[in-house]
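One structure is given below, encoded as structure tokens.
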Amino acid sequence: MFPRLIILAALAGIVALPFALRPGTSAAAATDDTLVIITPHNEALRTEFGRGFQKWYEAKTGRTVAIDWRVIGGTSEITRYLEGEYVAAYQNRWTNVLKRAWSTEIQAGFQANPSADAPAAVKEARADFLASDVSSGLDLFFGGGVYDFDRQARAGRIVDSGILKQHPEWFTDAVIPQATGGQTYWDKDGRWIGSVLSSYGIIFNRDSWKRLGIEREPRQWSDLKDPRLVGEIALCDPTKSGSIAAAFENLIQEQIHLRVAALRAAEPALAARDPKAQEAQAVREGWVEGLRLLQLIGANARYFTDTSQKPPIDVAAGNCAAGMCIDFYGRQQAEAVSRRDGSDRLGYVSPPGGTSYSVDPIALMRGAPHAAVAKDFIEYVLSPEGQAVWNLKPRIPGGTERFALRRLPVRKDFYARADLKPLRSDPQEDPFAAGGQLVYRSEWTAALFNEMSFIIRVMDHDTHTELTRAWRAIIAAPEPRKARALAVLQDMSAVDYAKTGTTIKQGLGAKDKSVGIRLAAELGESFRRNYAKAEAIANGAE
């Protein structure tokens, strides 16, 4: 009995200890102001920008501020969360304040601009929502991709912060251009502003590369389809991470550019006579080639994770030989390994011509409870002081206190300052320099971004067991069975450019969500049949 009492007492002590040690007041209660930010950014970034803003805000206002960071996952999870919060908040307004009947038409209609023939109640709901201060309880959305912020802007969940009018001198070609390399850097209506630049690349473990007998380090996306890398690639589900979906889109855009160049060289007369028709052909063919490359990279994948932060960690640990990642995750992880053991076993490369610089935006939420503080935070992030935090070294004036963020500021004038160059973590990087950058053409793939992510998930992730089994059989097969099997494996007729823009787009956009579920099941079965047939051919059974 006595030993049992000791165990129970110990358990009670463990449970009670956190309550006994907690502070008497919360951090927010001990400060003058509060700011609530939802973000996919990592802890290092949250820590450094939190510290920097608190100092800047107190110097500006004489007041203290606490930041309540809300971290629920990647941008896809944040998007779903915001939609749910605003639907619930507006339903409460519509039914309890306006005393109107709620319906599925109102739920869909208040979040999108209604068509001319939409019911009057739907038009009223949309106009009322856009004029309201309905709140999600959040002040800012900080970090993610332009695609996600455009969706929030179209829905009306983010609003003009006033920063364009407050600092017009910042939004010029000399400081923060409206667009560069085909990428938009800020919304012309001020609903979102790019805060920092991102590109994409390959993180790789040199020890693993040697173990696999691969002598040449990766330089291009196509290097990741090497058969020796089967089971060695770390990837992220593009339907869960908007940033990795953008990396996949960059890869497809690169293949389209290559087709454009090849067709122009092969048919210069057609290029002169009908360049639009030739470009349209290149888009169709490049789309398919991009999906084929992503299929083989997926066949080499060890897994598809939900978070873009996991692949660099696993590559650093040697669990995977390489992975696709955001540039700063690659640089941060390489620096962490070097700092820990002094080795250079981790490398990172952005494929020349295979990635463009897009922005991670920041935006003010509709109905922000602490709107004035939120606007100050936006001003700080875009100011010269805030921009320096992205890339200055730790423990120097104006830099971070602990973590080197290794990110590239969006302000062009940052790179022109010779006095900052020796203080920067990446002094050799200048995203505004000419050459080496993919020119992003939104008209090629932007309208199919969601459909692209869906196809890659079904093609690579949902059918990964069958895909990998077929790929291993093809690797081991002799010619000519290898070529025949690969052609069947890479049959993209069900997801070509035309069908993606019609059948797949209509299915995913249907109000009845079961249509999208059936589409995924049917498409998955189509790929599985191809994979089974390819495996049989490779094994000589067909």
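Per the 1.4 Å probe, what fraction of the accessible area of the chain, in percent, lies on carbon and sulfur atoms? Before the final figure, lay out the partial values.
Numbers: 13040 of 24030 Å².
Roughly 54 percent, rounded to a whole number.
Measuring from the lowest to the highest alpha carbon on each principal axis, how far does region 397-497 reach, largest first, in angstroms?
61, 33, 26
Excluding ligands, DNA and RNA, what is the solvent-accessible area per residue of the chain at a probe of 1.4 Å, expressed in Å²? Could you put the intermediate results ahead of the total?
Details: 24030 Å² over 542 residues.
Per residue, the chain has an accessible area of 44 Å².
Could you please put 147, 357, 86 in sequence from largest to smallest accessible area, using a 1.4 Å probe? Present the calculation step by step, with values, prior to reporting the outcome.
Working: 147 65, 357 35, 86 0 Å².
Descending accessible area places them as 147, 357, 86.
From the list (i) 236; (ii) 149; (iii) 160, can you say which value of volume of the Cα convex hull per residue in Å³ was derived from the structure given?
Correct label is (i).
For the chain, what is the percent of antiparallel DSSP beta bridges, rounded to the nearest 5?
On the way: 25 of 39 bridges.
Close to 65 percent.
Using the Cα centre of the chain as origin and beta-carbon charges of +1 (Lys, Arg) and -1 (Asp, Glu), tell me which of 370, 213, 96 is placed farthest towards the positive end of the dipole.
Value: 213.
Quote to one decimal, in nm, the extra length available between residue 418 and residue 395 on full extension: 0.36 nm per residue of separation minus the C-alpha distance between them.
Values: separation 23, 0.36 × 23 = 8.28 nm, distance 1.94 nm.
Here the answer is 6.3 nm.
Using bins 5 angstrom wide from zero, how does P(r) for region 31-113 break down, in % of all Cα pairs?
For region 31-113, the binned pair fractions read 3, 12, 17, 15, 12, 12, 13, 10, 6, 2 percent.
Provide 191, 228 ordered by accessible surface of protein heavy atoms (probe 1.4 Å), highest first.
Values: 191 70, 228 115 Å².
I get 228, 191, largest accessible area first.
The values are calculated or read from the model by the stated rules, or taken from the named source; none is laboratory data. Computed from a predicted model, the values in this text were never measured in an experiment. So basically every Cβ, Gly included, is an ideal-geometry build from the backbone, and we count neighbours across all protein chains shown. Heavy atoms of the whole protein, side chains included, go into the accessibility calculation; ligands, DNA and RNA do not. Shrake-Rupley method; radii C 1.70, N 1.55, O 1.52, S 1.80 Å.
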